[in-house]
Amino acid sequence: AAGVIQSPRHLIKEKRETATLKCYPIPRHDTVYWYQQGPGQDPQFLISFYEKMQSDKGSIPDRFSAQQFSDYHSELNMSSLELGDSALYFCASSLLRISGNTIYFGEGSWLTVV
Amino acid sequence: DAKTTQPPSMDCAEGRAANLPCNHSTISGNEYVYWYRQIHSQGPQYIIHGLKNNETNEMASLIITEDRKSSTLILPHATLRDTAVYYCIVRVPSVSGGYQKVTFGIGTKLQVIP
């Protein structure tokens, strides 16, 4: 079965640069979620989109922005990168309006800021 | 959101059943119990979920007490590949329909021992 696809899998950026992560949800899924997992930490929710509209917002820095496009893929844009942004970023997707709507996660994108 | 409490770590002998407990004493009637696991630095993997009844799938069984204040995830024959952090999560219905994001707390680090 198709899973959530994230790209790139690994990314190295310098401080103050910009990075963009892409997420392709499971086909027919209408909701996308972004999570950040720092070293030794549990995944933290950043933001979610349902039908291309922001549906929920967590601890996402103002330097970060995200959107969901008409084909339901999503991009997380991170600007003015800081060393502390180095983390594993997960995208997840679900089909919202079904009972329980299970969320499925991608394998993540490793961002290293040097 | 209903909070969950899990033991920080557990060991299990390979081939034996692993029973992972979770307390969620403040759960509401329409909140689902979900279990995910995360093998080191991989994307969180959905295992199973339930509302009131016990559930079983190819990976595990979920036993929910009658008062729904606690549950147990059972891996019937643990293997070394089941070594991971296991998260018990209660999901809250969203006002816009469907259910909200999953919020990761402190899970149980399961170590399967040869």
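A short reminder: the numbers here are calculations on the coordinates, not readings from a lab. A quick note: this is a predicted structure, and the numbers were derived from the prediction, not measured. Here the Cβ is made from the backbone with ideal geometry for all residues, glycine too, and neighbour counts use every protein chain on show.
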FRET efficiency, B:R16 to A:L83 (Cβ-Cβ, R0 45 Å, nearest 0.05): 0.55
Sort B:I106, B:I64 so the one with the fewest other Cβ atoms within 10 Å of its own Cβ comes first. B:I106, B:I64
Per residue and in cubic angstrom, what volume does the convex hull of the Cα atoms of chain A have? 98
In units of 2.2 N^0.38 Å, what is the alpha-carbon radius of gyration of region B:4-67? 1.20
Return the distance in nm (one decimal) between the two label points of a simple spin-label model at B:H40 and A:W110, each offset 7 Å from Cα along Cα→Cβ. 1.2
What percent of all Cα-Cα pairs in the protein assembly as shown falls in each 5 Å bin, counting up from 0? 1, 7, 14, 18, 18, 16, 12, 8, 4, 1, 0
How large is the dipole of region B:1-83 about the Cα centre if only Lys and Arg carry +1 and Asp and Glu carry -1, each at its Cβ, rounded to the nearest 20 debye? 80
Most exposed first, judged by fewest Cβ atoms within 10 angstrom, A:D30, A:D71 run A:D71, A:D30
Projected label distance in nm at B:N54 and B:I74, using a 7 Å step from Cα toward the beta-carbon: 0.5
Summarise the long-distance tail of P(r) for chain B by giving the % of C-alpha pairs beyond 21 Å. 32
Using +1 at the C-beta of Lys and Arg and -1 at the C-beta of Asp and Glu, which of A:C91, A:G40, A:P61 has the Cα lying farthest in the positive direction of the dipole of chain A? A:C91
Could you line up A:L96, B:L51 from fewest to most neighbouring Cβ atoms inside 10 Å? B:L51, A:L96
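Just need the relative contact order of chain A here, percent rounded to a whole number, with Cα pairs under 8 Å and 6+ apart. All intermediate terms of the calculation are to be shown ahead of the outcome.
On the way: 290 pairs, mean separation 41.6, N = 114.
For chain A, the relative contact order is 36 percent.
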Farthest towards the positive end of the dipole of chain B, among B:A78, B:A60, B:N23 and with Cβ unit charges of +1 on Lys and Arg and -1 on Asp and Glu, lies the Cα of B:N23
Using θ = phi - 60° and the Karplus form 6.51 cos²θ - 1.76 cosθ + 1.60, what ³J(HN,Hα) does each residue of region A:34-45 get, whole Hz, x for Gly and Pro? 10, 10, 10, 10, x, x, x, 10, 7, x, 10, 5
Would you please give the FRET efficiency between B:K109 and A:K52, computed as 1/(1 + (r/R0)^6) with r the Cβ-Cβ distance and R0 = 35 Å, to the nearest 0.05? 0.40
How many times 2.2 N^0.38 Å is the alpha carbon radius of gyration of region A:51-114? 1.26
Taking 7 Å along the Cα-to-C-beta vector as the label spot, tell me the A:F69-A:D42 distance in nanometres, rounded to one decimal. 3.4
